[in-house]
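Asker: Next up is a structure, given as structure tokens.
The values are calculated or read from the model by the stated rules, or taken from the named source; none is laboratory data. Everything numeric in this text was worked out from a predicted model, so none of it was measured. All Cβ positions, even for glycine, are placed from backbone atoms using ideal geometry, and neighbour counts span all protein chains on display. Keep in mind that these areas ignore ligands, DNA and RNA; they rest on the heavy atoms of the full protein, side chains included. Shrake-Rupley method; radii C 1.70, N 1.55, O 1.52, S 1.80 Å.
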Amino acid sequence: MQLVCASHAQIVIPPGVLEKLPPRKIHPKTPTTTPAGRKTDIQRLVINFRQAAGSVEKRKKAADKLLKLGPRGAKILQGITASELPRQVTSYKKAFYNKARGIGAARFRATGPGRIQKWREQFKSIGSITKESLKTHAGPAMDGLIKALVPTPQEVLENSKTLTARRQEILALDSIGARSRTILGAESTAEGLATTLTQQEKLIALMCAYMPETGRKSIETDLKQFSRMDFEEWHGFVHLNVVRMLLGLHPMRIDLKLSAAARDHSTDMSKQKFFSHQSPVAGKKTPWDRAARQGARSSGECIAAGMSIGPRAIRCWFFSPGHHKLIMSKSSRVGLGACSRKWTLMTGR
């Protein structure tokens with residue numbers, strides 16, 4: 001692990017035509033249509049599949065029978081899953097959020113404002129920022145607040161059998177859709193939804209920690225631009241702001257231009273195999289050069305290497321004096337970018 005710091009998405013038949021046609025001799029044959037009021041075998045299978053909602057095992061068995069029909073059954077299932085999944089996922093996330101908010105509120109009540117204030121005072125009283133003071137004062141204060149006030153995705157699911165069952169049903173439905181797409185020759189994305197759910201649960205849980213509503217709304221506003229950054233970059237950004245607010249500081253707004261500059265530097269460090277604020281790439285020598293290329297201004301830069309997830313990079317910077325001063329500063333903007341376990345953070349006023 002390395003750390004370096006620098007300041008600053010019907011055919012219509014015309015009337016009368018039938019009457020003019022000569023009478024046609026009709027030969028008796030086996031009916032090809034279903035008598036009124038009766039369902040075809042495939043209709044019954046579809047009804048059984050829909051009625052199995054709420055039971056993963058029943059849905060799988062109903063899906064198996066439809067998939068035995070080959071592409072015809074697969075196409076029907078693909079249509080059903082494509083219609084149902086978005087609604088189910090949206091509903092699930094709302095329910096997950098509400099449950100997490102309830103847990104976050106309960107954690108706050110159990111902890112009490114007095115204890116929270118003591119941790120904040122401990123953080124502010126470190127005096128000179130050194131590795132030792134961060135380890136003995138600021139670190140324990142941050143860890144105490146996180147442990148006491150931040151719900152975990154596991155905790156949310158363990159406290160709700162209904163949510164757990166809904167999650168399992170969503171993933172089972174997505175798996176059925178993936179099997180259908182495979183039969184139809186399309187690419188499967190079953191693992192993608194599982195990963196996406198896990199990622200979103202992490203962010204939702206973080207967002208449901210105790211914090212001022214103005215701060216929560218600030219982060220939610222920034223997250224509307226989610227598609228413009230990688231998940232772990234957002235993960236690190238939200239983690240940083242949750243930590244700041246737990247400690248009594250204001251949240252920093254995401255600056256996508258600074259994030260682009262940060263990501264570009266992380267990419268250069270990875271591809272060019274160097275680790276420094278001074279870049280050998282022409283026109284990108286200093287943090288200020290790199291920010292200017294993206295139409296931004298930076299007041300400081302942190303770099304790190306060896307971390308696969310955003311919060312770990314933030315934590316490492318927290319315990320490094322120079323980096324700590326930047327990520328806990330009065331800066332109003334921040335950019336975060338990663339590439340191949342290389343991380344760059346840039347602040348702006």
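Asker: Which whole-Hz ³J(HN,Hα) couplings does region 110-118 yield from phi under the Karplus relation 6.51 cos²θ - 1.76 cosθ + 1.60, θ = phi - 60°, glycine and proline marked x?
Answerer: Whole-Hz 3J(HN,Hα) from phi for region 110-118: 5, 7, x, x, x, 5, 4, 5, 5.
Asker: Now for a separate question. What's the magnitude of the charge dipole for the chain around its Cα centre, counting Lys and Arg as +1 and Asp and Glu as -1 at the beta-carbon? Answer in Debye, nearest 20.
Answerer: Numbers: 59 positive and 26 negative charges, 163 e Å.
My answer is approximately 780 debye.
Asker: List the relative contact order of region 233-302 as a percent without decimals, with contacts defined as Cα pairs under 8 Å and 6+ residues apart.
Answerer: Numbers: 50 pairs, mean separation 17.2, N = 70.
In percent, rounded to a whole number, it is 25.
Asker: Give me the 1.4 Å probe accessible area per residue for the chain, excluding ligands and nucleic acids, in Å².
Answerer: Details: 19240 Å² over 349 residues.
I get 55 Å² per residue for the chain.
Asker: Also, I was wondering about something else. As an exercise, use a Förster radius of 22 Å and the Cβ-Cβ distance of Val281 and Ser308 to find the FRET efficiency, rounded to the nearest 0.05.
Answerer: Details: r = 25 Å, r/R0 = 1.11.
Calculated value: 0.35.
Asker: About its Cα centre, what dipole magnitude does region 304-349 give when the only charges are +1 on Lys and Arg Cβ and -1 on Asp and Glu Cβ, stated in debye to the nearest 20? Please report the intermediate quantities before stating the final value.
Answerer: Values: 8 positive and 0 negative charges, 15 e Å.
It works out to roughly 80 debye.
Asker: For region 171-247, which trypsin sites (Lys or Arg not before Pro) are in a loop by DSSP, counting at most 16 other Cβ atoms within 10 Å? Walk me through the intermediate numbers first.
Answerer: Values: sites: Arg179, Arg181, Lys202, Arg216, Lys217, Lys224, Arg228, Arg244; in loops: Lys224.
Here the trypsin sites (Lys or Arg not before Pro) that fit, given the DSSP loop and packing criteria, are Lys224.
Asker: Can you figure out the FRET efficiency of Ser91 with Thr130, using R₀ = 45 Å and their beta-carbon distance, to the nearest 0.05?
Answerer: Details: r = 50 Å, r/R0 = 1.10.
The formula returns an efficiency of 0.35 here.
Asker: Compute, for Phe231, the solvent-accessible surface of its heavy atoms (probe 1.4 Å) with the complete set of protein chains present, and express it in square angstrom to the nearest 10.
Answerer: 20 Å²
Asker: Also, quick follow-up: Just to verify a number: FRET efficiency for Gln272 and Ala186, C-beta to C-beta distance, R0 = 41 Å, to 0.05?
Answerer: For Gln272 and Ala186, the calculated efficiency is 0.60.
Asker: Which of the GluC sites (Glu not before Pro) found in region 170-267 are loop residues per DSSP with 10 or fewer other Cβ atoms within 10 Å of their Cβ? Could the numbers behind the result be given before it?
Answerer: On the way: sites: Glu187, Glu191, Glu201, Glu213, Glu220, Glu232, Glu233; in loops: Glu187.
Those satisfying the criteria are Glu187.
Asker: Could you please put Asp64, Asp41 in sequence from largest to smallest accessible area, using a 1.4 Å probe?
Answerer: On the way: Asp64 60, Asp41 100 Å².
Ranking Asp64, Asp41 by accessible area, largest first, yields Asp41, Asp64.
Asker: Now a separate question. Report the equivalent ellipsoid semi-axes for region 271-349 in whole Å, largest first, defined as the square roots of five times the eigenvalues of the gyration tensor built from alpha carbon atoms. Don't skip to the end; give the middle numbers.
Answerer: Working: eigenvalues 72, 58, 21 Å².
So the equivalent ellipsoid measures 19, 17, 10 Å along its semi-axes.
Asker: Right, next: Just want the answer: with Cβ charges of +1 for Lys and Arg and -1 for Asp and Glu, which residue in Ser299, Met245, Leu193 is farthest toward the dipole's positive end in the chain?
Answerer: The residue sitting most towards the positive pole is Leu193.
Asker: Using a 1.4 Å probe on the protein heavy atoms, what percent of the accessible area of region 246-313 belongs to carbon and sulfur? Before the final figure, lay out each step's value.
Answerer: Details: 1380 of 2880 Å².
Roughly 48 percent, rounded to a whole number.
Asker: When the accessible area of region 77-185 is split by element with a 1.4 Å probe, what percent falls to carbon and sulfur?
Answerer: Values: 3050 of 5660 Å².
Accessible surface attributable to carbon and sulfur in region 77-185 totals 54 percent.
Asker: State log₁₀ I(q)/I(0) for the chain at q = 0.06, 0.10 Å⁻¹ as given by the Debye formula over alpha-carbon point scatterers of equal weight, solvent excluded.
Answerer: -0.35, -0.74
Asker: Another question about this same structure. Return the lysines within reach of Lys284: Cα separation strictly under 25 angstrom, same-chain partners fewer than 8 residues apart disregarded; answer none if there are no such residues.
Answerer: Within the straight-line limit of under 25 Å, Lys284 reaches these lysines: Lys257, Lys271, Lys273, Lys325, Lys342.
Asker: To continue, here is another question. Extending each Cα 7 Å along its Cβ direction at Glu57 and Lys325, get the distance between those two points in nm, one decimal.
Answerer: If labels sit at Glu57 and Lys325, their model points lie 6.3 nm apart.
Asker: Taking Cα centroids, how far is region 225-268 from region 52-68 in Å?
Answerer: Between the Cα centre of region 225-268 and that of region 52-68, the gap is 42 Å.
Asker: Compute, for region 228-349, the length of the dipole vector about the Cα centre, with Cβ point charges of +1 (Lys, Arg) and -1 (Asp, Glu) only. Units Debye, rounded to 20.
Answerer: On the way: 20 positive and 8 negative charges, 40 e Å.
Using only the charged Cβ atoms, the result is roughly 200 debye.
Asker: In nanometres, what is the gap between the two model label sites at Lys68 and Glu220, each 7 Å from Cα along Cα-to-Cβ?
Answerer: 4.9 nm
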